[in-house]
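Heads up, the thing below is written out as structure tokens.
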């Protein structure tokens, strides 16, 4: 029998000011909007970015670099927040995010380095830096809510947070499309500056947390081995079977690096005094299950949002703005479902059924999305996306709530970071795998329909290909290209389906552990 939270010092156990949550919640939400908005806003702008900077083959890396930066940094931010205080660390992550946004917006305009580092490569590097800050925003926002609100009441607030995430997902593609159609795509990054400024203006004076006095020991070696291992796995997923044969020395070498780095990371976590990812947390079955579910949700979420705008703008002929509007039904499903479920959890204290239902709906959504082809109507694809949104809405915040309720209060930050980490690494691998599958299937289909010479010509011109150039192509070439794009994208969801099937299976084994009604350690009820 273990208590859900361990005894804390008097300062740590102090309750925050009663009106603290109402004052700081807008600031926390704005910070979360930053991280989510910039992840989603790029999708509808990508065809124009590729057209200006080139590099169709690197399309997935613009998203992957951001998610990878978030993934690698998330456990570190969680631990830094536990050690140095969440307010200070959270504000630092906002500053890093602003710097990354400014650099991303200026990609390709650095004449001194354009010859050494291509414009698209610059954007990928700057997006990775931006992702480092985003990791702190995501884990910090959820951990702050965990500090300020006990689990029994947290469902309502996390439902609101889920609504904000969904709103950001809705606004992201739409804002990205509007900016891309009416201004420069660079402003999708520059617009972060005033939003971040507003968040800091709220949080600096109004966020008050009990002071922490903890000996500071950061597991930098563990962080380094984790980063190397994850990067190697993402590179294998991206390059395998596409840029390099699966049996090539490059892929096999990356496989060896990944195995050694991950094994070293596990060994380090077992021995260091302050691990960035305490392995003992996974002894709790609920925590392990929802971490796995979070990974699979991230896999499907980022894959869908990253590639659906490309399908909408090319195959369905939508403008960047309209492709953002076409994603509204999916994001609306996420927002409505998250808010309703958050309120139901707060009212009843029951949560086990929602991951199960969400998993089943996700399976149905992925199965429907495999039907996308050249002749799929916008109405039909809209229905598919609504179903996907309903499934994700049942899963996203419920899994985080369960993971936070499964650990002691002293591990709240690292639990939040692990939940976010699981989703982020799922997104990293999902986008990388989807990108490789898409490129491979697209090339195969063009070769089959137009022949190898035509496929080579399309591939070579693809670095600067934009949707509005379709009208300039010969009808036969245009039809072949559109068929190849739809064939490549529908194939992504067959892979996603294989992963989604596992979600309801894992969710079935979640135990209904009572939610804590307080964050006061002296009032906690021990549970198994």
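Values quoted throughout were computed directly from the atomic coordinates according to the rules given, and no laboratory measurement underlies them. Computed from a predicted structure; not experimentally measured. When we count neighbours, we look across all protein chains shown, and the Cβ atoms used for this are built from the backbone with ideal geometry, even at glycine.
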Legend entry - Rotationally averaged projected area of the range 227-367 (alpha carbon convex hull; nm²): 12.5
Inset, instruction - Work out the FRET efficiency for residue 99 and residue 288 from their Cβ-Cβ distance, taking R0 = 51 Å, and round it to the nearest 0.05. - result: 0.90
Inset, instruction - Work out how much length residue 494 to residue 190 would gain on full extension: take 0.36 nm times their residue separation and subtract the Cα-Cα distance, in nm to one decimal. - result: 105.8 nm
Inset, instruction - With label points built 7 Å along Cα→Cβ from the Cα atoms of residue 246 and residue 271, find their separation and express it in nm. - result: 3.5
Inset, instruction - Can you put 423, 186, 352 in order of Cβ neighbours within 10 angstrom, beginning with the fewest? - result: 352, 186, 423
Inset, instruction - Sort the following peptides by mean Cβ neighbour count (other Cβ atoms within 10 Å, averaged over residues), highest first: 436-444, 388-396, 268-276, 327-335. - result: 388-396, 327-335, 436-444, 268-276
Legend entry - Order of 121, 398 - criterion: other Cβ atoms within 10 Å of each residue's Cβ, fewest first: 121, 398
Legend entry - Proxy reagent accessibility, fewest Cβ within 10 Å first, across 376, 399: 376, 399
Inset, instruction - Please work out how much length the chain gains when fully extended from residue 84 to residue 280, using 0.36 nm per residue of separation minus the C-alpha to C-alpha distance, in nm with one decimal. - result: 68.3 nm
Inset, instruction - Mind giving me the nanometre distance, one decimal, between the label points for residue 106 and residue 22, set 7 Å out from Cα along Cα→Cβ? - result: 4.3
